[in-house]
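Since the structure comes first, as structure tokens, the remarks are kept for the end.
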Amino acid sequence: MRGANQCRMALHRQEQSNIVIVSSVIDNLVKGAAGQAVQNMNIMFGLKETMGLEAPALLP
């Protein structure tokens with residue numbers, strides 16, 4: 001999951017209840033504001049959604 005442009009989600013329903021717990025995990029190295037902006041731009045221009053986001057993040 002590290003360096004990935006993914007959001008992993010899990011749903012859990014408590015027994016004998018209508019309560020559902022949703023958990024999500026993201027990697028902020030890629031899925032921060034800059035990565036989200038690139039993903040949105042790709043969608044706007046009809047490009048592959050993950051274009052430019054599949055390479056591992058660079059260290060400072």
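Scanning region 21-43 for residues that are modelled with pLDDT of 90 or more and either assigned to a helix (DSSP H, G or I) or open to solvent by 80 Å² or more (accessible area, probe 1.4 Å) (or both) gives VAL22, ASN40, MET41, ASN42, ILE43.
From the list GLY46, GLY3, the lone residue that is at pLDDT 75 or above, on the phi > 0 side of the Ramachandran plot and open to solvent by less than 100 Å² (accessible area, probe 1.4 Å) is GLY46.
The values are calculated or read from the model by the stated rules, or taken from the named source; none is laboratory data. Model, not experiment: these values are computed from the prediction. Protein only, heavy atoms only, side chains kept; ligands, DNA and RNA dropped before computing areas. Shrake-Rupley method; radii C 1.70, N 1.55, O 1.52, S 1.80 Å.
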